[in-house]
Amino acid sequence: MTRTVYLNGEYLSETEAKVSIFDRAFLMADGVYEVTSVLGGKLIDFGGHLKRLERSLNELDMKKPAAFDDLLEIHRKLVELNGIDEGLIYLQVTRGAPGDRDFAFPDPETTEPTLVLFTQNKPGLADNPTAKKGIKVISIDDIRWGRRDIKTVQLLYPSMGKMMAKKAGADDAWMVEDGFVTEGTSNNAYIVKDGKIITRNLSTDILHGITRAAVLKFAREAQMIVEERPFTVDEAKDADEAFFTSASAFVMPVVEIDGTAIGGGSVGQVATRLREIYLEESIKAGV
Ligand code: PDD
């Protein structure tokens, strides 16, 4: 079945939606994005994703797409038109297509941003069996640019990281800078040691995960201790548990890093509990 997607004010078949070869995202990776999950036909953490989108646009001095205020309605309409019960909505805003290639930003008065949204149908997303057995990660150098807090479409290195993991027989990679884990290729990283949940503090070094913010709030509400600080790969190897969070995987246990089993190689209680709480609370709050 072909999807109905959204492009610059129109709902079109995915086969008909076309973007210019001069689009700044195509030529310069000059675009930002958000991924919002859908559970039970409802948008999860939508307010947070919208706020971060606004921040990304501001940080890059990028014009808001004309339909910015209508984004909730567009998301909802795509869910409805594509019959999504569980899945993802991808949204991308680019600096538009000025009609030629030039390093300088185009005049926002004459070049409109490009706004694209599409759905990904993922039945069984919440009940993912992988969450019961956990995943394996490898560590790799973090060689990305220094503004990882902006959610840009520059995803070549994260893609390469996933391929390095695959080649090594693992599922994902955690990136390391100056001896400390920054984050996963497309998620925020955590360890649990002596009952404490440890995750890197927010800065320009990592993406400020929307799932991270919700999970840490729920953890604190459940009287769990949270320590926001960088941790090393050796600390991860020695941890009682590890996990990651993202809008597409929620809370996902990590049971191995660089071939060393974490917490005896089985999924931990803290990650399991946080996944349950996150799913329960965010489905309740879905819009
Ligand atoms: N990735 N860190 C990075 C580098 C990410 O790409 C993501 C999300 C996260 C988690 O953020 P959030 O909880 O807001 O999803 C952290 C999305 C899911 C993606 O690129 O598909």
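Data overview
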{"read-out": "Positive-end residue, the chain charge dipole about Cα centroid, Cβ charges, pick of Ser282, Phe22, Leu202", "value": "Ser282"}
{"read-out": "Among the listed pairs Lys42/Lys193; Lys133/Lys193; Lys122/Lys166, those beyond 30 Å (Cα-Cα)", "value": "Lys42/Lys193"}
{"read-out": "Stokes-Einstein D in µm²/s, Kirkwood radius over Cα pairs - segment 80-226 at 25 °C with 0.890 mPa s viscosity", "value": "134 µm²/s"}
{"read-out": "In sequence order, calculated HN-Hα J values of segment 12-20 (Karplus, 6.51, -1.76, 1.60; Hz; x Gly/Pro)", "value": "10, 5, 4, 7, 9, 6, 10, 10, 4"}
{"read-out": "Chain lengthening between Leu81 and Leu156 when straightened (0.36 nm per residue, less Cα-Cα)", "value": "23.9 nm"}
{"read-out": "Assigned charges on the beta-carbon of Lys, Arg, Asp, Glu; the chain dipole about Cα centre (debye)", "value": "440 debye"}
{"read-out": "From phi via Karplus (6.51, -1.76, 1.60), per-residue ³J(HN,Hα) for segment 191-201 in Hz, x at Gly/Pro", "value": "10, 10, 9, 6, x, 9, 8, 10, 8, 4, 5"}
{"read-out": "Kirkwood hydrodynamic radius over Cα pairs of segment 210-287, then Stokes diffusion coefficient at 37 °C and 0.692 mPa s, in µm²/s", "value": "248 µm²/s"}
{"read-out": "Gaussian network model of the chain, springs between alpha carbon atoms under 10 Å - residue of Phe68, Phe231, Phe244 with greatest fluctuation", "value": "Phe68"}
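A short reminder: the numbers here are calculations on the coordinates, not readings from a lab. Because the structure is predicted, anything quoted here is derived from the model rather than measured. Heads up, the Cβs are rebuilt from the backbone with ideal geometry, glycines too, and the neighbour counts pull from every protein chain shown.
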